[in-house]
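The values are calculated or read from the model by the stated rules, or taken from the named source; none is laboratory data. Remember, predicted model here, so these are calculated numbers, not experimental data. Cβ: placed from backbone, ideal geometry, glycine included. Neighbour counts: every protein chain shown. Surface accessibility is based on the protein's heavy atoms, side chains included, excluding ligands, DNA and RNA. Shrake-Rupley method; radii C 1.70, N 1.55, O 1.52, S 1.80 Å.
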Amino acid sequence: MKDYGVFDVIGPVMIGPSSSHTAGAARIGKIARDILGTDFNRVIFYLHGSFAKTYKGHGTDKALVAGVLGMGPSDENLRNSFEIAQAQGIAYEFIEADLGYQHPNTVKIVFKSKDKKDSYIIGSSIGGGNVLITNINGNKVEFTGDYPTLLIKYYDRKGIISRITSVIANNDINIASMKVTREDNIATMVVETDSVIGEKIINEISEAEEIIYIKGINPMLR
Amino acid sequence: MFNKAEELLRLCNEKNKRISEIVIEKEIKVNKTSYEDLMDRMHNVLRIMKDSSKAALDKEIRSVSGLTGGDAKKLEEYNKSNETLTGSLIISAMAKALSTSEVNASMGRIVAAPTAGASGIIPSALLSAQEKLNLTDEQVIMGLFTAAGIGEIIAKNATVSGAEGGCQAECGSAAAMAAGAIVELAGGSPEASFHAASFALVNIMGLVCDPIGGLVEYPCALRNASGVVNGLISADLALAGIKSLVPFDEVVDSMYRVGKMMPEALRETALGGVANSPTGEEIKRRLLN
Ligand code: SF4
């Protein structure tokens, strides 16, 4: 039986009208920004399932835009996100889409910029403001963003996993969960930890020549 | 630690403490927070609840979809006319509940209690009790901890989600939490709090979740208004000394089983109830295009 804190029951403080359609949407948008970066001038949201059907009435569209602008789920400016995006020169577009076999509240967020290749994430709002990120630029992943999370892509060679985990351990950080998937000889690792991930760990892991990509994201306050 | 009302009541009796005190003790122990920190956070919660309960009383707030809004203000004005049937406390409580629901539907800030859909009930119930019983904010905050303890028991043993258990699980749970909290604030025993919580759940057992167009607006706001009244009268029943024949834990279990028996059409899918009345369907068509 999951244990509840008082603020799980009397809370969270959030922007209405619906934790899965607003708070969850804002969180997915924010995670997209944390992962894909701030270097974009256009965003396309592909909305799937119930997101596609009710995004206007629920304000899911505004929440998604707010998230990619960096706002958290309890930011009262959520409802003004379209105007704020416009002021920042960021264009956005919503497209109803069938993303295949996915949770009904799923969105694919594509970041576009002038001189970079498109990048994207796919995430689902799974209830109560909780989210699950399932894909980053074609790499299947699975994490919630509730924990500090390390995303690492690397050439899979013997010893690399233990090298990564020992850097984490040497920095006195406990691993809460770890998942590795592999396609050809390129592996994707998602590590969730119990404490905040700093620059130092990322730099130390990057020293391994197998590393193609590494990103640390820390959870936002709820 | 407690998972059931029976255990929480035993702790209250052993330590001769109120429900709120046991909930606070547990929170400090389990989540390793300090008393001061806990109180600060709950003060913040109360502040947001007060704001949302009042925001739509003197100005019309419309929903994002444009479907609903302005009703809290209507009730507030009606209350001033002094010609109401049920009296000022009830009308004002309904107006406050509607206010939070309207703030929620307009993408304003609310506290999910236990969910966003039912977020109008607990604030309105506690603020109504505060006005009637002349309580300080510190006392009202104790009521929020009592409500949290009751809500925790429901969430652990059943569900507080409309998609899982229908509106009885959302607005019913909120009313039960509110009822138990008010009883404690009015000086009732921990047992009486759980009698009140049982009444609130029994009163609306079987209530379906049928939001028009899938939006948290109609009948949601109405059920926040009736939900706070359910909470208030359930508290009065218990304060009068009336006892629930069926213990709270069994009532919660019954509510859960009823939820499981509900077809999916009646659990937030907008495929049953007023959501799929001809008018509900017509509104849905309009909203989706
Ligand atoms: S009808 Fe459904 S969505 Fe509306 S308040 Fe009740 S449970 Fe929530």
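A single entry from B:174, B:163, B:240 fulfils the requirement of being within 14 Å of chain A (Cβ to nearest Cβ) and open to solvent by 20 Å² or more (accessible area, probe 1.4 Å): B:163.
Number of residues in the range B:202-216 that are open to solvent by 10 Å² or more (accessible area, probe 1.4 Å) and either more than 12 Å from chain A (Cβ to nearest Cβ) or near the ligand (Cβ under 8 Å from one of its atoms) (or both) equals 9.
When the range B:28-57 is filtered for residues that are part of a helix (DSSP H, G or I) and without any contact (Cβ under 8 Å) to a residue 12 or more places away in the chain, the ones remaining, listed by number, are B:28, B:29, B:35, B:36, B:37, B:40, B:41, B:44, B:47.
Report yes if residue A:144 is hydroxyl-bearing (Ser, Thr, Tyr), within 22 Å of residue A:69 (Cα to Cα) and not assigned by TED's automatic domain parsing to the domain that holds residue A:44, otherwise no.
On the way: hydroxyl-bearing (Ser, Thr, Tyr): yes; within 22 Å of residue A:69 (Cα to Cα): yes; not assigned by TED's automatic domain parsing to the domain that holds residue A:44: yes.
Yes, satisfied.
Listed by first and then second residue, the pairs linking a residue in the range A:208-222 that is modelled with pLDDT of 90 or more to a residue that is among the basic types (Lys, Arg), with Cβ atoms under 6 Å apart and 6 or more places separating them unless they lie on different chains, are A:208/A:163; A:210/A:157; A:212/A:153; A:213/A:153. Restrict the check to the range B:57-70 and report whether at least one residue is among the β-branched types (Val, Ile, Thr) and in contact with an Asp or Glu (Cβ under 6 Å, 6 or more places away or on another chain). Within the range B:57-70, one or more residues are among the β-branched types (Val, Ile, Thr) and in contact with an Asp or Glu (Cβ under 6 Å, 6 or more places away or on another chain).
Filtering B:86, B:115, B:100 for residues that are outside any helix (DSSP H, G or I) and modelled with pLDDT of 95 or more leaves a single hit, B:86.
Taking helices (runs of 4 or more DSSP H) as the structural unit, those lying wholly within the range B:120-199 and holding at least 3 residues that are at pLDDT 95 or above correspond to B:121-133, B:137-157, B:167-185.
Have a look at B:116, B:125, B:105, B:93 and point out the one that is under 20 Å from residue B:185 (Cα atoms), aliphatic (A, V, I, L, M) and within 16 Å of the ligand (Cβ to nearest atom). Steps first, answer last, please.
Values: B:116 fails: under 20 Å from residue B:185 (Cα atoms); B:105 fails: under 20 Å from residue B:185 (Cα atoms); B:93 fails: within 16 Å of the ligand (Cβ to nearest atom).
Result of the check over B:116, B:125, B:105, B:93: B:125.
Among the residues of the range B:17-74, those that are crowded, with 18+ Cβ neighbours inside 10 Å, of a type outside the set (Asp, Glu), over 22 Å from residue B:125 (Cα atoms) and out of contact with any Lys or Arg (no Cβ under 9 Å at 6 or more places or on another chain) comprise B:26, B:63.
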